[in-house]
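Structure first, then comments.
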Amino acid sequence: MSTGNVAKLRELRGVIEAAIGPVHAPLGIILGSGLGAVADAVTDARRLPYGRLPHLSPSTVIGHKGEFVAGRWRGRDVVVLSGRVHRYEGHSHDAVALPVRLLGALGVDTVIVTNAAGALHTRLQPGDLMLLADHINLSGGNPLTGKNDAPLGPRFPDMTAAYDVELRALAKSVAARLGQDLHEGVYVGLQGPSYETPAEVRMLAQLGGDAVGMSTVSEVIAARHMGLRVLGLSCITNLGAGLGSGTLDHSHVGAVAQAASERMIALLAGVVDGLPSLACRPRPF
Ligand code: HPA
């Protein structure tokens with residue numbers, strides 16, 4: 001149920017300002033499993049564990065640090081959210097979306113969302129990077145359910161180009177320059193936490209999905225509601241259930257994401273370097 005987000009965001013901004021001073025950043029980055037190195041690369045970093053921020057829940061998942069980091073990366077003011085919370089941890093869609101809403105409340109114009117995902121067909125292989133062209137929300141809910149928070153955005157936000165066309169073109173050109181194979185596809189967001197059955201993997205592929213994961217869709221819906229531009233990148237950590245020979249486990253997912261993190265970080269760095277100059281967009285609340 002979407003209620004009281006504006007009050008929560010005002011409170012969060014106040015707590016952050018009191019703890020580390022004002023934060024104005026036009027760029028936000030949400031890091032998925034195994035990508036904590038980006039947060040470590042931030043300079044002039046002012047860090048706050050989620051536990052110190054009201055309404056933000058510490059992540060309970062191994063590989064997700066749960067830290068708010070404001071600072072500079074590649075010469076730009078940035079807020080990096082290292083780790084996220086998930087629906088399967090028992091959080092509402094609203095709670096899952098609050099960190100990205102916080103980015104919007106801090107003036108972020110463009111948000112880069114990363115995640116680990118399973119391949120829904122064998123044209124994608126573990127270690128591959130995939131640019132999100134679109135998503136299918138099968139997470140069982142929507143962070144905009146309930147009374148609309150009008151100061152955040154409209155009742156019925158358009159999702160036609162949820163993943164910004166220009167940012168996707170930039171990511172593709174950076175990947176080409178780096179000699180990286182960057183796939184593009186549709187991410188299916190499920191609630192988890194069980195991995196899919198082989199029958200579900202076959203169904204999701206038939207529905208038009210290329211990769212499947214347990215995050216991102218609520219964040220992107222909330223980001224688009226606030227008018228943030230979104231770039232989404234998945235690290236393909238495994239073949240979906242039934243496509244490979246083995247079984248799935250989270251530590252393997254984390255290890256593959258970790259192994260691909262250098263390439264993911266190089267891609268992110270190139271994208272950030274190639275962004276036009278971005279203005280911080282103060283929100284009217
Ligand atoms: N399914 C769902 N979520 C995932 C997977 C998967 O195969 N791999 C990484 N996150």
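Please compute the per residue accessible area over the chain with all protein chains in place, 1.4 Å probe, rounded to a whole number of Å².
That works out to 40 Å² per residue.
Under a Cβ-only charge scheme (Lys and Arg +1, Asp and Glu -1), can you give me the dipole magnitude of region 118-192 about the Cα centre, in debye to the nearest 20?
60
Which one of Val201, Gln125, Val188 has its Cα pushed farthest toward the positive end of the charge dipole of region 5-274, where Lys and Arg give +1 and Asp and Glu give -1 at the Cβ?
Farthest towards the positive end: Val188.
Computing the accessible area with a 1.4 Å probe over protein heavy atoms, can you report the carbon and sulfur percentage for the chain?
54
Please compute the modelled spin-label separation between Phe285 and Ile136, points set 7 Å along Cα→Cβ, answer in nm with one decimal.
3.2
In sequence order, what are the phi-derived ³J(HN,Hα) couplings for region 275-285 according to the Karplus relation 6.51 cos²θ - 1.76 cosθ + 1.60 with θ = phi - 60°, rounded to whole Hz, with x for glycine and proline?
3J(HN,Hα) across region 275-285, in whole Hz: 5, x, 5, 10, 9, 5, 10, x, 9, x, 8.
Roughly what % of DSSP beta bridges within the chain run antiparallel, to the nearest 5?
Taking every DSSP beta bridge with both residues in the chain, the antiparallel ones total about 35 percent.
Please enumerate, by chain and number, the lysines with C-alpha under 24 Å from the C-alpha of Lys147, excluding those fewer than 8 residues away in the same chain.
Lys8
Residues in region 154-183, backbone N under 15 Å from the label point at Ala269 (7 Å along the Cα-to-beta-carbon vector): list them, ranges by number please.
Of the residues in region 154-183, 174-175, 177-180 have backbone N under 15 Å from the label point off Ala269.
Can you check how the C-alpha radius of gyration of region 5-274 compares to 2.2 N^0.38 Å, as a plain ratio?
Dividing the Cα radius of gyration by 2.2 N^0.38 Å gives 0.94.
The values are calculated or read from the model by the stated rules, or taken from the named source; none is laboratory data. Please read all numbers here as calculations on a predicted model, not as lab measurements. Ideal geometry is used to build each Cβ from the backbone, glycine not excepted, and the neighbour counts take in all protein chains shown. Just so you know, the surface numbers come from the protein's heavy atoms only, side chains and all, with ligands and any DNA or RNA stripped out. Shrake-Rupley method; radii C 1.70, N 1.55, O 1.52, S 1.80 Å.
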